[in-house]
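Below you'll find the structure, written out as structure tokens, and then a few comments.
The values are calculated or read from the model by the stated rules, or taken from the named source; none is laboratory data. Treat the numbers as computed from the prediction; the structure is a model and nothing was measured. Backbone-built Cβ (ideal geometry, glycine too); neighbour counts: all protein chains shown. Remember, those area values only see protein heavy atoms, side chains included, never the ligands or the DNA or RNA. Shrake-Rupley method; radii C 1.70, N 1.55, O 1.52, S 1.80 Å.
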Amino acid sequence: MIKVLFVCLGNICRSPMAEFIFKNMVCKKGLADSFLIASAATSYEETGNDIHYGAGNKLRQEGIPFTRREARRITPKDYKNFDFIIGMEESNIAGIKRIVGEDKDNKIFKLLDFTDSPRGIADPWYTGDFDATYEDLTAGLEGFISYLISEHLIPDR
Ligand code: 4NP
């Protein structure tokens, strides 16, 4: 079982979008049972709140299933439980480390570092551009899948 936690600032836009897009990707590959996929925030700003309506609308538009959920902040226990803790931008990485401590097991990654164009994913809470968020997330998640294949953690199919 590969355990993946996506992390952003509020856990209502980027990280839950990543969670549901990635769940859909692995489901389509017939690998749903090989993964545990979740998302969390580095802040308490949106704790308990459901996915942002703009994020939900974009997922609906792309035909990606999603469920009701409640935003939650990452905990030090998450660092023990998950294999991959994937932030969206550099400030998320700093926020994650502030909460869980140093990355002694090399589990913390930035999503677009799995692509040929490493950079942060802009916060649609501020930009309002959920199309750009979706494109960036999809590119990063495809790159992550390629990484997992290259590391022989999942089959190439
Ligand atoms: P997210 O966007 O980090 O992509 O979920 C945000 C949502 C809410 C806030 C910040 C970012 N906020 O400060 O409430």
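Pick out, from the range 46-148, the helices (runs of 4 or more DSSP H) lying fully within it that include 2 or more residues that are more than 14 Å from the ligand (Cβ to nearest atom), within 20 Å of V26 (Cβ to Cβ) and in contact with a strand residue (DSSP E or B) (Cβ under 9 Å, 6 or more places away or on another chain).
On the way: elements: 53-61, 76-81, 90-100, 124-127.
Once the helices (runs of 4 or more DSSP H) in the range 46-148 are filtered for at least 2 residues that are more than 14 Å from the ligand (Cβ to nearest atom), within 20 Å of V26 (Cβ to Cβ) and in contact with a strand residue (DSSP E or B) (Cβ under 9 Å, 6 or more places away or on another chain), what remains is 76-81.
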(message) Can you go through A32, A38, A55 and tell me which one is closer than 14 Å to T133 by Cα, among the hydrophobic types (A, V, I, L, M, F, W, C) and at pLDDT 95 or above?
(response) A55
(request) Could you tell me whether S43 is within 12 Å of the ligand (Cβ to nearest atom) and in contact with a strand residue (DSSP E or B) (Cβ under 8 Å, 6 or more places away or on another chain)? (result) yes
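I'd like to know if the range 138-145 contains one or more residues that are open to solvent by 30 Å² or more (accessible area, probe 1.4 Å) and over 20 Å from P16 (Cα atoms). It would help to see each step written out before you state the result.
First, pick out the residues of the range 138-145 that are open to solvent by 30 Å² or more (accessible area, probe 1.4 Å): 139, 142.
Imposing the further condition that a residue be over 20 Å from P16 (Cα atoms) reduces the set to none.
No, the range 138-145 has no match at all.
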(message) Can you tell me which condition F6 does not meet? The list is (1) more than 12 Å from the ligand (Cβ to nearest atom); (2) in contact with a strand residue (DSSP E or B) (Cβ under 7 Å, 6 or more places away or on another chain); (3) open to solvent by less than 30 Å² (accessible area, probe 1.4 Å), and all the others hold.
(response) (1)
(message) Being touching a residue at least 40 places away in the same chain (Cβ under 8 Å) and among the charged types (D, E, K, R) is the filter here; which residues of the range 118-157 pass it?
(response) D123, D131, E142, R157
(message) Anything in the range 5-62 that is of a type in the set (D, E) and over 14 Å from F144 (Cβ atoms)? List them, or say none.
(response) D33, E45, E46, D50, E62
(request) Six or more apart or on different chains, Cβ under 9 Å: which pairs go from a residue in the range 94-117 that's on the phi > 0 side of the Ramachandran plot to one that's buried (at least 17 other Cβ atoms within 10 Å of the Cβ)? Could you list them? (result) G101/Y79
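Per-residue answers, yes or no, for (1) surrounded by fewer than 21 Cβ atoms within 10 Å (Cβ to Cβ); (2) under 11 Å from C8 (Cα atoms):
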position: E89; (1), (2): yes, yes
position: I99; (1), (2): yes, no
position: D103; (1), (2): yes, no
position: D113; (1), (2): yes, no
position: S117; (1), (2): yes, no
position: A122; (1), (2): yes, yes
position: T127; (1), (2): yes, no
position: F130; (1), (2): no, no
(message) When you scan the range 19-36, do you find a residue that is free of Cβ contacts under 8 Å to residues at least 60 places away in the same chain, within 12 Å of the ligand (Cβ to nearest atom) and buried (at least 20 other Cβ atoms within 10 Å of the Cβ), even just one?
(response) yes
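With P65, P155 as the choices, which residue is within 16 Å of the chain's Cα centre (by Cα), open to solvent by 50 Å² or more (accessible area, probe 1.4 Å) and more than 16 Å from N11 (Cα to Cα)? Working first, answer last.
On the way: P155 fails: within 16 Å of the chain's Cα centre (by Cα).
Unique residue meeting the criteria: P65.
Please state which one of R73, R60 is surrounded by 14 or more Cβ atoms within 10 Å (Cβ to Cβ) and either basic (K, R) or modelled with pLDDT under 95 (or both).
Details: R60 fails: surrounded by 14 or more Cβ atoms within 10 Å (Cβ to Cβ).
Being surrounded by 14 or more Cβ atoms within 10 Å (Cβ to Cβ) and either basic (K, R) or modelled with pLDDT under 95 (or both) holds for just one of R73, R60, which is R73.
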